[in-house]
Every structure is written in C-alpha cells, then in structure tokens.
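Quick notes on the structure that follows.
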Amino acid sequence: MYIADLHIHSHYSRATSKDCTPEYLDLWSRRKGIGILGTGDFTHRGWREELKEKLIPAEEGLYKLKKEFFMDKDYGIEFSSPRFVVSGEISSIYKKNGRVRKVHSIILLPGLEEAELLAKKLESIGNLHSDGRPILGLDCRDLLEIVLETCSQAVYIPAHIWTPHFSLFGAFSGFDSIEECFEDLTPYVHALETGLSSDPSMIRRWSALDRFQLISNSDAHSPSKLGREGNLLDIDLSYTGIWNAVQKGEGLKGTIEFFPEEGKYHYDGHRKCNLCLSPEAAEEYAGTCPACGRKLTTGVFHRIQQVADRKEGDLAGEGKYFEKLIPLPEIIGACMGYSAASKRVQSQYESMVKKLGTEFHILRDLSPDEISSASFSLISEGIRRLREGNVEWSPGYDGEYGTFRLFEPGETKK
C-alpha cells in the first residue's frame, strides 16, 4: 500500500518555500511516509530542467532522486525513497455563460517528455514562465481537449472543487454542474479533488458526483506540509497503476483527509471583521457581514448544502474508506503549548521520527505505549484522542485556518 500525494508545488510557484526542491521534497516524503509524490509545476521550464538534473527514471512513468542529491544522510535515509510522478496545476480564468470563471486543474503525465510537449502547446496561449502554477485565459473544456490531444494517457482532475474563489464548483466563480464546464468532454473527467475544507462524506451528498473517484492531496507550498491529505493506493508501482487508480478506482482504497473544519474555507465568514458563521447564521444576514456590510465569503460547507440532494449521513458507511488526521507537528504543539513551527516542537518531531518511524506510522499504527516511549504521555494521549475523533474545532473561514483543541483548559497541567 502506498500513500500518494499528487498535488504539490515547487519553489517556482508564487508564495512557496525556497525549500520546495527535489532534495527536500524527497526528504520530507521519507519523513512523512509518502511513497508517491507529484512533482508539481511541470509547465515551468526551469523546474523541468531541475527535475531532469536531479531525478532518474525508476518504474514505468516514475522517477526517483539521484543518490548524490539525498539530504540529511544521517536522518531518514533508512526510509524508502519516494517515486515522483509528473504533475502540475493550471489556473484558468475566462468568461463563460456571462460570468467570469476561475478554475484550477491538476494534470498528471507519464513522463517529462510529455510534459515538454504539452508545455510547448500551452506556451502559445499564455505565460508559463512567471509562475509554476500559470494563469491561462483558456476555457477548461479547451484545456482538457489540448491535454488529451497531446497525451492520451494524461489524467485531468479538477482541483479542490469547492474552494470559493478558484474551483469547479466555487461559490464565486464556479459552475452549478460539471457538464456546464466541460460540455461534450465531460465523460473524460473521472476524478475530483476534495480539497482541505471538505471530505468524501460531504461530497457524496450530491448524487451528480457519484460516478467520480474522489482523491485528496496536500496542495503543499512547503515540504513540511506534504501529506496533509493523501491517497491510499494498492497498486503496482507504475504510472499505469496510478492511472487506473485515479481514472477507474482500481487500487484506490481510500483517502487520508484533513479535518474539514481545519480548512481555510469550511465556514462562511469575513476575516477582516473576525467573523465566522455557520451556513444558517450567514443566511440570517443574507450573506452580508453585519459589521461592515461587505459580502461574506461563502464557505465550502454552505456551498455543498446549496447543491446537495441528500441529507447528512444518508450514505454513512458507503463509498471508499477515508480517515481524518491532524499533522503530527500540530498535535505536538497542542500538547506542549507551542506553535507547530516552533523549534521545541520541531525538535520533538524529529526525535520521534528518528526513534519510531515515519509520521504516518506514528499517527496511524503505533500504540499509545509505543508513542510514549519516544515522547511523553500527553502526546500519546493526544494521538489517541485524534484517532477517536475526540477533537473540538473552531472552523476555518475566509482564508483563515480552523483551530482545534484536544484537551480542556487546564487539563494538560493536571
């Protein structure tokens, strides 16, 4: 079984870490326990050249890091090195049916040669050099056509399909049906990305999406964020194996999910006024911020309610398996009383991974006693509560991540 994270970004994308290089992506994949990783940003010439320099072919359609570029040889090298699959994200901004549409799409390809061919075609349409995630004034239907004409084995996936501003079904710039977006090419779309602010149980409330495979990815802008979401693949390690899993569901055993409440757009709200609202509360204010009078950002939960034709829980237990996790540094921080990015938390994280194995192994497999042996009892108790779903949330809204609590006030001191 492989954990696959197929949607990430390189250091050539805007607002990303300078450490989004093949070396650090490999290192953090090993720390996390990710077996298959998207390269991200294949449209950018500089990134393709860097990938050619630092990766070598592995299994069919996959690549691995050259040994001379391995990072941190005394730490993590014992973990299996991930395989890279060529991937990228494209932002389409265009006008259709009287409205401006802003939709992000993920593309998977069977090799860097195919990436070169597709990039050359897209260069004649827009600027691919200023951003690893380029913005093209290209209808998604036409983008899909170009992708399939260039490479019949390409995979096209609408990205984070509910995000308010940039997605297929986004409240502000998306569509109310997939057919309106892709028209005659709709049958060639087989999978949808859930995004951080929703999970499969929420998406399955809309029967129109029943035929699609649901995948989840981190959309990471820094190596430490890899694996926030991922896919559980029981496949032969190859591009064909990935293609069959994403397009047909063969070997796609399920997904690892963010808690949707932690996503930046789960609830409605207005960040400037520090206002977070449930869908019901937002409707009471007619979608307008009561503090300043500006329009509220409609959250994913509300948007799904607008299109859903099933009630919550109607399909409980149906569909593919999924589990919700919180990244280990965030759990350590909540238990220690520090930010997840603090040096104390990072030191504790590295110590645990050295002693116990990958982050996913710690979060998903080890017993509380085993975890305590390499940390302390609060962390093992926090992970136990996570596994039981015993987490209290303040939902994310309008670009603000949600926050969680594993312990009651004063409980950690006791």
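So is Ala334 farther than 27 Å from Phe212 by Cα, hydrophobic (A, V, I, L, M, F, W, C), assigned to a loop (DSSP other than H, G, I, E, B) and at pLDDT below 95 or not?
no
Considering each of Ser351, Ser394 in turn, give the residue that is surrounded by fewer than 18 Cβ atoms within 10 Å (Cβ to Cβ) and more than 23 Å from the chain's Cα centre (by Cα). Give the derivation first.
Working: Ser394 fails: more than 23 Å from the chain's Cα centre (by Cα).
Exactly one of Ser351, Ser394 is surrounded by fewer than 18 Cβ atoms within 10 Å (Cβ to Cβ) and more than 23 Å from the chain's Cα centre (by Cα), namely Ser351.
Which of the residues spanning region 20-53 are acidic (Asp, Glu) and touching a His at 6+ places or on another chain (Cβ under 7 Å)?
Step one: filter region 20-53 for residues acidic (Asp, Glu), giving 23, 26, 41, 49-50, 53.
Hit for region 20-53 is Asp41, nothing else.
When you check Glu283 against the structure, is it without any contact (Cβ under 8 Å) to a residue 40 or more places away in the chain, acidic (Asp, Glu), closer than 30 Å to Gly35 by Cα and surrounded by fewer than 22 Cβ atoms within 10 Å (Cβ to Cβ), yes or no?
no
Counting only residues that are of a type in the set (S, T, N, Q) and over 16 Å from the mean Cα position of the chain (by Cα), which one in region 92-133 is farthest from Ala159 (Cα to Cα)?
Ser124
I'm trying to understand the selection: among the residues of region 65-93, which are buried (at least 17 other Cβ atoms within 10 Å of the Cβ) and either modelled with pLDDT under 95 or under 25 Å from Cys140 (Cβ atoms) (or both)?
Those that are buried (at least 17 other Cβ atoms within 10 Å of the Cβ) and either modelled with pLDDT under 95 or under 25 Å from Cys140 (Cβ atoms) (or both): Met71, Gly76, Phe79, Ser81, Val85, Val86, Ser87, Gly88, Glu89, Ile90, Ser91, Ser92.
Determine whether region 398-413 contains at least one residue that is more than 19 Å from the chain's Cα centre (by Cα), assigned to a loop (DSSP other than H, G, I, E, B), among the aliphatic types (A, V, I, L, M) and surrounded by 18 or more Cβ atoms within 10 Å (Cβ to Cβ).
Checked region 398-413: at least one residue is more than 19 Å from the chain's Cα centre (by Cα), assigned to a loop (DSSP other than H, G, I, E, B), among the aliphatic types (A, V, I, L, M) and surrounded by 18 or more Cβ atoms within 10 Å (Cβ to Cβ).
Just to be sure before I move on: is Leu109 in contact with a helix residue (DSSP H, G or I) (Cβ under 9 Å, 6 or more places away or on another chain), closer than 30 Å to Ser177 by Cα, surrounded by 21 or more Cβ atoms within 10 Å (Cβ to Cβ) and not charged (D, E, K, R) in the structure I sent?
Yes; evaluated as a whole, the condition is true for this residue.
Identify the residue in region 125-161 that is of a type in the set (S, T, N, Q) and assigned to a loop (DSSP other than H, G, I, E, B) and, among all such residues, is surrounded by the fewest Cβ atoms within 10 Å (Cβ to Cβ).
Among those that are of a type in the set (S, T, N, Q) and assigned to a loop (DSSP other than H, G, I, E, B), it is Ser152.
Sort out for me the helices (runs of 4 or more DSSP H) sitting completely within region 162-278 that have 3 or more residues that are among the charged types (D, E, K, R) and either in contact (Cβ under 8 Å) with a residue 60 or more places away in the chain or crowded, with 20+ Cβ neighbours inside 10 Å (or both).
On the way: elements: 178-182, 200-203, 239-248.
Where helices (runs of 4 or more DSSP H) fall fully within region 162-278, none carries at least 3 residues being among the charged types (D, E, K, R) and either in contact (Cβ under 8 Å) with a residue 60 or more places away in the chain or crowded, with 20+ Cβ neighbours inside 10 Å (or both).
Looking at region 273-299, which of its residues are closer than 19 Å to Trp162 by Cβ and charged (D, E, K, R)?
Glu280, Glu283, Lys295, listed by residue number.
Report every pair of residues separated by at least 6 positions or lying on different chains whose Cβ atoms are under 6 Å apart, first residue within region 43-64 and surrounded by 16 or more Cβ atoms within 10 Å (Cβ to Cβ) and basic (Lys, Arg), second modelled with pLDDT under 95 and part of a helix (DSSP H, G or I).
So the pair list comes out as Lys54/Phe69.
The values are calculated or read from the model by the stated rules, or taken from the named source; none is laboratory data. In this text the structure is predicted, and so the values were computed from the model without any measurement. Glycine also receives a Cβ, built like all others from the backbone with ideal geometry; neighbour counts cover every protein chain displayed.
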